[in-house]
Amino acid sequence: MRIRSAVWLTTCLLAGTAAAQLQVQPTAETDGVGTGAVSGVAFWPNPSRPEQSLVLLADRNTGLYVQGLNGSNRQFFSGVVTGVDVHDGFRFGTATVPLVAAAVDPALSLFAVVGQPDGGASLQQLRTASSDIGNVRTVKLYASSADGRFFAFVGNELGQLQQLELSAELDGGIAVTPGRLLSVPGPARAVTVDERAAALYVAEVSGQLWRFDAAPEGSDAGSALDLDGGTLGSAVQGLALYALEDGRGYLVSASGTSGTSTFTVLDRDPPHAVRGTFQIAADGGIDAVETSLALAIDSAPLGTAADGGYPSGVLVAVDGTNSGGAQNAKLVAWQSVAQAFTPPLATRADAGSGDGGTVDAGAPSGGGGVVPPGSGGSVPPGGDDGTSCSCTSSSVPGAALLALSAVLLQRRRRRSAP
């Protein structure tokens, strides 16, 4: 009887119906964006200049928004964007750049975070990459820890996923090689990768969590995970990884229905024991996260708590309701999440220096493409312009970024020449 009761309680927790719900509070929020159709979020950490980190929001009705850590709009690319991800370390010759992938059904638009002459940074479009599946709704970038090769996983509403290999070309472009096809029974809106374990995790909207081998030569068959006798609950819209260098960490999912959002925390390693659930409550002038639509987490240390930073990393959740305004993202210090649990969850402070890999969540519906209007993209009304952004990549020397910009400019001139 005790065993059955424990399973029942865990199932209630996963469904978000437990009477006592843990709550955490956001420390910041971004400006409202789009027309009520935000479907993906990604976070680019800048450990050397934390205040210049970037939040990327995909709106399937309007386009891709690039926002600063203070929440203001810095850059905008019009189009129909259904998901977005960013990953450091994509190699162009001797330089490495953060690579951004935006899902623009049935393809991807690829960008680099590049330096500007004034010391700032912006997204520079590289190319559009096609996939063999339609109705692309989510994208996840993956760098192999074995050989550094880059991949993108794209997924759709039918539960189909494709692995695409991305590699730099000599002229500054990106070659795309179609890879294996994977599938789950239902819509795949939430995807993340544990690069240390070379594991791809896919959450169906229904709450069933699957694990695949992320390596391109791995098996096409996935394993349905039994989470303490339950699932992730209903209406799963986001999945992300909080990763620590010592091997610890957590998978976190976001389930959003009208007016309520529940975040479920699992151990990073199999059998992925369920630690519990929490909600993001209102904090003074910042309203609660209601109907969460996407999720991103990063464990990179970003400043100090005294300075309003995130020394143990940050959780970014899209608020699909945002009482009194357009949809936006709420930022929560991971330390706040960790301290809400008994015993507390692991943090960067516990593990020492961590890997800080960029992680994101999945996204819903779409079509169309992303074409930046001008070299740096346009700016939504009331936002900062792209050139005023003073962020720089911590992984790329300014000279290397400017060299990449020159290569891209030369490539454009060659293609436009008669």
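List pairs: first in region 209-228 and of a type in the set (Phe, Trp, Tyr), second assigned to a loop (DSSP other than H, G, I, E, B) and open to solvent by less than 60 Å² (accessible area, probe 1.4 Å), Cβ under 6 Å, 6+ apart or cross-chain?
Once the first residue is of a type in the set (Phe, Trp, Tyr) and sits in region 209-228, its partners that are assigned to a loop (DSSP other than H, G, I, E, B) and open to solvent by less than 60 Å² (accessible area, probe 1.4 Å) give 210/184; 210/222; 212/222.
Quickly run through region 198-208 and pick out the residues that are outside any strand (DSSP E or B) and touching a residue at least 60 places away in the same chain (Cβ under 8 Å).
Answer for region 198-208, where residues must be outside any strand (DSSP E or B) and touching a residue at least 60 places away in the same chain (Cβ under 8 Å): just 207.
From 241, 227, grab the single residue that is open to solvent by less than 60 Å² (accessible area, probe 1.4 Å), within 21 Å of residue 155 (Cβ to Cβ) and in contact with a Phe, Trp or Tyr (Cβ under 9 Å, 6 or more places away or on another chain).
After ruling out the rest, the residue left standing is 241.
Can you spot a residue in region 221-230 that is under 24 Å from residue 86 (Cβ atoms) and touching a Lys or Arg at 6+ places or on another chain (Cβ under 9 Å)?
No, the conditions are met nowhere in region 221-230.
Run residue 27 past the list (1) surrounded by 24 or more Cβ atoms within 10 Å (Cβ to Cβ); (2) under 21 Å from residue 280 (Cβ atoms) and report the number of the one that doesn't hold.
So residue 27 meets the others, but not (1).
If you check every pair at least six apart or on different chains, which have Cβ atoms under 9 Å apart with a residue in region 271-283 that is within 15 Å of residue 336 (Cβ to Cβ) first and a residue that is in a strand (DSSP E or B) and basic (Lys, Arg) second?
That search, which allows pairs on different chains as well, returns 280/330.
Give me a count of the residues in region 192-208 that are open to solvent by less than 40 Å² (accessible area, probe 1.4 Å) and not β-branched (Val, Ile, Thr).
8
Could you check residue 172 against (1) open to solvent by less than 10 Å² (accessible area, probe 1.4 Å); (2) within 19 Å of the chain's Cα centre (by Cα); (3) not aromatic (Phe, Trp, Tyr) and say which number it fails?
(2)
Looking for whichever is at pLDDT below 95, open to solvent by 40 Å² or more (accessible area, probe 1.4 Å), charged (D, E, K, R) and in a strand (DSSP E or B) here; the options are 189, 211. Which one fits?
189
The values are calculated or read from the model by the stated rules, or taken from the named source; none is laboratory data. Keep in mind the model is a prediction, meaning the values are calculated, not measured. Cβ coordinates were reconstructed from backbone atoms using ideal geometry, including for glycine residues, and neighbour counts include every protein chain displayed. Ligands, DNA and RNA are stripped out before the accessible areas are found, and what is left, the full protein with its side chains, is counted by its heavy atoms. Shrake-Rupley method; radii C 1.70, N 1.55, O 1.52, S 1.80 Å.
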